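Input: a single structure, listed below in structure tokens.
The values are calculated or read from the model by the stated rules, or taken from the named source; none is laboratory data. Since this is a predicted model, take the numbers as computed values, not measurements. For neighbour counting, all protein chains shown are included, and Cβ atoms are generated from backbone atoms with ideal geometry for every residue, glycine included. For the accessible areas, the whole protein counts, side chains as well, though only heavy atoms, and no ligand, DNA or RNA atoms are used. Shrake-Rupley method; radii C 1.70, N 1.55, O 1.52, S 1.80 Å.
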Amino acid sequence: MIKYFLGIVLGSTIVSISINTLIIPNDIADGGITGIAIILHYLFNWPVSWAVLLLNLPLFFLGMRIVGRNFLVLSILGVGVLSATLSLTTHLPALTHDTLLAAISGGVLTGIGMGIIFRSRGSLGGTDILAVLLTRKTSFSVGQILLGIDAVIFLCAAILFEPEMAMYAMIYMFIATRVVDLVQEGLSLSKSVLVVTSQPYKIAEDIMAKLERGVTLFQAIGAFSGEEKQVVYCVINRSELSQIKQIVREQDPRAFLAVSEVPEVVGEGFSSWKGH
């Protein structure tokens, strides 16, 4: 539990630094409750930290009986820590006044921070809770509702201020979303390989002998021909792909080979369960 708490604190600090040193000084909007808080800051000079906390309170009250208890507790913890770190980092100087550079850098920093929070099983509450509530009353999914809320926030920013604010916000949010995925899933250096072949044992033996990788065999039947074959499956590092292709080419030139990206691999020969 302490490890998760420290992760939420670290992630929230990174997000807060991004907002206070890159996003706010360059008049860039944000999505969700934080985006509304930033717009209120631009309009009325309200502290973003207090606005985030106050805007989340009614959502916590509404979600108390509907969303899961653990989700709600972690959301309250995440929002509380984020509000505190936003307040503590308010007076940090701007890192740049180049708006495009700020949107890109802010997206990277915010994505890293949010990825750490999510890996620590935390949540920033806000529109996540609202989306869970609305999805039970409508036919829309949580993702569609979150996208709609962000679209409304960006539209308000474009109307109240300048269209460029919303445009830079979209760049910022797109990069942040991609970086969140990278932090949560890892930068994939692994690939999965499926080989439909008439020589499964020879290919499997070569892979195990030359690459020292585990191999799994599946029974398969061709839908058109009705012919029984076996499928060779294994996960490899990207650098080993050319060797796999060479092995398959030598043993069965008529084999069907499919290669896919693997976001994360846990197990012998790759990462351990520690930290997951």
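Summary table below
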quantity	calculated
Residue in region 169-178 that is among the small types (Gly, Ala, Ser) and open to solvent by 60 Å² or more (accessible area, probe 1.4 Å) present	no
Conditions (1) open to solvent by 30 Å² or more (accessible area, probe 1.4 Å); (2) modelled with pLDDT of 90 or more; (3) under 35 Å from the mean Cα position of the chain (by Cα); number of the one not met by Asn237	(2)
Scope region 55-76; condition in contact with a Phe, Trp or Tyr (Cβ under 9 Å, 6 or more places away or on another chain) and either at pLDDT 90 or above or open to solvent by less than 70 Å² (accessible area, probe 1.4 Å) (or both); matching residues	Gly63, Leu72, Leu74, Ser75
Boolean, Gln184 is at pLDDT below 80 and touching a Gly at 6+ places or on another chain (Cβ under 6 Å)	yes
Leading residue by the ranking (most open to solvent (accessible area, probe 1.4 Å)) among those in region 249-266 that are under 35 Å from the mean Cα position of the chain (by Cα) and within 23 Å of Ala220 (Cα to Cα)	Phe256
Region 77-92, subset among the hydrophobic types (A, V, I, L, M, F, W, C) and open to solvent by less than 40 Å² (accessible area, probe 1.4 Å), residue modelled with the lowest pLDDT	Val79
Residue list for region 134-181, filter: of a type in the set (Phe, Trp, Tyr) and at pLDDT below 80	Phe140
Selection count, region 93-122, where residues are open to solvent by 60 Å² or more (accessible area, probe 1.4 Å) and over 30 Å from Ile2 (Cα atoms)	7
Count of residues meeting criterion [of a type outside the set (Gly, Ala, Ser), within 30 Å of Val108 (Cβ to Cβ) and open to solvent by 20 Å² or more (accessible area, probe 1.4 Å)] in region 180-231	8
